[in-house]
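Peer 1: For reference, the structure I am asking about is given below.
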Amino acid sequence: MAADYDPAEFVDGDFQAHKSPHTGTATSNSATPRAPTREEVDARVVEAQQKLVELKRVQEELERERTSLEETRRRQREFQTGRQEVLQSLTRGMGLLEEAEFNSRREAEQMAKTLVDLREALAKVQSINEEAWTRDNFSVELTRALTSVENARMEWNSARLKFAVLCGQPEGNAGAAAVAPPAATSLLTGQSFGALVRLGWALTWPLALVALLSLGALVTLLLRR
């Protein structure tokens, strides 16, 4: 009979579930966290300081990276702006130089042609030989000589109007010399009839003088015969 004894048969489950609440309170009080010790507080302070140092280091690295990125952005902006300015300047400069080269080439061609004309006029004037004139050909030779001189003068005046350097002015004023004839024309339009007559006489008296000299020489030649 003793072998068939089981102690669990005498345990009341309802009684165990409704034990005194004082027993549970004692157990919960024993599980409440205790206050941190001084060593633990010091350790946490050191840990927080280390974290602050680490965060400061990371912040400094981020500041350096931000500064580097801003410098890169500034250089990129400077590159873009500088490239646009240089492209515009070079394009405009090439256009201006091409136009100036064309004008200079055209002016050089005109200057070469004018130089040829002046050399021809100079040769004609220098070829006049008064000693070879005779009584028979005096009038003809004089008329021919005066014509050569007058043509040479016209070539010279035409060259002076085209090239300011012949008037003792800098080459930069060639444009001003080129527009001189229109200015003179506008000046003539404001003159009275009498002033225009006097101006016309002043311009044509050399030709009248040549004609009178030729006529006088012809009359002299006829009287001597």
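The values are calculated or read from the model by the stated rules, or taken from the named source; none is laboratory data. What you see is a predicted model, and the numbers here were worked out from it, not measured in a lab. Cβ sites come from the backbone with ideal geometry, for glycine too, and all protein chains shown count toward neighbours.
Peer 1: Pick out the one residue from Ala100, Ala152 that is small (Gly, Ala, Ser) and either outside any helix (DSSP H, G or I) or closer than 30 Å to Leu213 by Cα (or both).
Peer 2: When all the criteria are applied, what remains is Ala152.
Peer 1: Further, regarding this structure: Which condition number in (1) part of a helix (DSSP H, G or I); (2) free of Cβ contacts under 8 Å to residues at least 60 places away in the same chain; (3) β-branched (Val, Ile, Thr) is the one that Thr134 fails?
Peer 2: Result: Thr134 fails condition (1) only.
Peer 1: Just a yes or no: is a residue in region 114-127 modelled with pLDDT of 90 or more, over 15 Å from Leu213 (Cα atoms) and outside any helix (DSSP H, G or I)?
Peer 2: Yes, region 114-127 contains a residue that is modelled with pLDDT of 90 or more, over 15 Å from Leu213 (Cα atoms) and outside any helix (DSSP H, G or I).
Peer 1: Using the structure shown, decide if Arg44 is within 39 Å of the chain's Cα centre (by Cα) and at pLDDT below 95.
Peer 2: No: the conditions fail for Arg44.
Peer 1: Additional query: Taking Ser127 as meeting all but one of (1) surrounded by 10 or more Cβ atoms within 10 Å (Cβ to Cβ); (2) among the small types (Gly, Ala, Ser); (3) over 51 Å from the mean Cα position of the chain (by Cα); (4) closer than 30 Å to Lys162 by Cβ, write down the number of the exception.
Peer 2: Among (1) surrounded by 10 or more Cβ atoms within 10 Å (Cβ to Cβ); (2) among the small types (Gly, Ala, Ser); (3) over 51 Å from the mean Cα position of the chain (by Cα); (4) closer than 30 Å to Lys162 by Cβ, Ser127 violates only (1).
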